[in-house]
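The values are calculated or read from the model by the stated rules, or taken from the named source; none is laboratory data. Since we're looking at a predicted model, the values are computed, not measured. Quick reminder, even Gly has a Cβ in these numbers, built from the backbone with ideal geometry, and neighbours come from all protein chains shown.
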Amino acid sequence: MSNKIFFGKKAQASDAITWIVATLIVVVVLGISIFATTLMGKIQDRKIFLDDKQKDFLAVKSITSFLSNDANLELAKNANEGEISNFLKTVPAKGLNSPSGGWNLAIEKENETKEIATYDVVGVDVGGAGLPAFEINFESKTNHLKLKFWAECHGKCK
Amino acid sequence: MISKNKRGMEKIVSIYWFAILIIVAGGIIYMVSIFYGDPYDVRAIESGILTDNIAECLSENGKLKYPLDDNLKGNFASLCHLNLKTNEERQEYYLEISFYDFKTNQKLPLEISEGNINLKKSNALSRYVFFNSESFYALDSEGKGIITKVDISINKDEENVK
């Protein structure tokens with residue numbers, strides 16, 4: 001009889017230990033998960049940006065304003081690299097909108113595309129071809145001029 | 001005797017089972033609340049929209065829509081249909097617009113400001129105030145290049161910051 005009781009208790013103890021160990025494992029795994037989540041919650045960027053920043057409203061407004069001046073448009077028609085690229089280069093210096101990868105400006109004139117200005121912010125690699133271009137058509141009496149102006153972004157434009 | 005023990009054992013097991021369920025469920029709820037519970041900071045988008053609206057209001061077809069005079073300064077909010085009031089008593093926005101000559105970089109005398117002056121970058125006491133500055137180019141009535149600089153401060157820390 002005493003043997004019976006002894007064996008029964010042994011079985012109970014081993015079952016309880018299994019559950020205690022299982023609980024401990026669950027607690028440890030949960031603890032690690034909570035710790036990882038807390039870390040991720042701290043490092044994640046809570047700021048929200050719009051994905052579609054290749055067409056920056058202010059930048060487009062600026063460049064169209066710049067080229068709405070007859071004298072400046074004349075520079076574009078003649079594909080005067082110096083003056084227009086000068087304008088684009090002054091964009092970040094003067095606090096005008098500029099994406100991290102820089103802006104590209106190309107002028108198509110008589111089926112000939114001439115990239116007159118591509119500038120990039122120091123330290124940012126500007127490569128990626130084939131990005132969708134924002135096109136503005138400038139039609140004058142004498143020339144048909146197509147201006148492509150787009151942001152160069154890798155991943156998201158912020 | 002043995003069957004009684006088994007019944008007791010089942011009770012202990014079910015208690016453990018519920019304890020583990022509660023721990024796991026609690027842990028998952030806690031993790032989700034940590035990850036998604038903090039507010040998202042949308043003030044960058046908010047200030048961008050505000051700046052776009054101001055640019056749309058001030059510049060039309062590449063030219064400044066209004067002459068840069070005191071009339072614009074006095075009636076800016078109504079001309080641009082801006083309402084910076086919020087549900088809170090204190091004003092949560094401040095905006096300042098300044099104009100510069102593109103060629104000389106010289107600041108023009110006209111400066112427009114609206115909203116809570118305490119949120120101005122130089123005055124703001126709270127480190128949670130969001131600042132944004134954007135500029136755009138437009139021509140004045142004489143065809144001169146003008147840079148319009150729009151500085152925006154948004155408080156709304158309770159809605160956007162942990």
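Could you run through segment A:1-34 and say how many residues are surrounded by 11 or more Cβ atoms within 10 Å (Cβ to Cβ) and modelled with pLDDT of 80 or more?
13
I'm trying to understand the selection: among the residues of segment B:67-107, which are assigned to a strand (DSSP E or B), of a type in the set (A, V, I, L, M, F, W, C) and more than 14 Å from every other protein chain (Cβ to nearest Cβ)? Don't jump to the end; show me each part of the working.
Narrowing segment B:67-107 to residues assigned to a strand (DSSP E or B): B:93-101, B:107.
Filter again for of a type in the set (A, V, I, L, M, F, W, C), leaving B:95, B:97, B:99.
The answer is B:95, and nothing else.
Check segment B:111-120 and report whether any residue there is within 14 Å of chain A (Cβ to nearest Cβ) and hydrophobic (A, V, I, L, M, F, W, C).
For segment B:111-120, residues within 14 Å of chain A (Cβ to nearest Cβ) and hydrophobic (A, V, I, L, M, F, W, C): absent.
State yes or no: is residue B:45 under 19 Å from the mean Cα position of the chain (by Cα), more than 8 Å from chain A (Cβ to nearest Cβ) and part of a helix (DSSP H, G or I)?
The answer is no for residue B:45.
Here are the criteria: (1) within 11 Å of chain A (Cβ to nearest Cβ); (2) over 17 Å from residue B:76 (Cβ atoms); (3) surrounded by 14 or more Cβ atoms within 10 Å (Cβ to Cβ). Tell me which single one residue B:157 does not satisfy.
(1)
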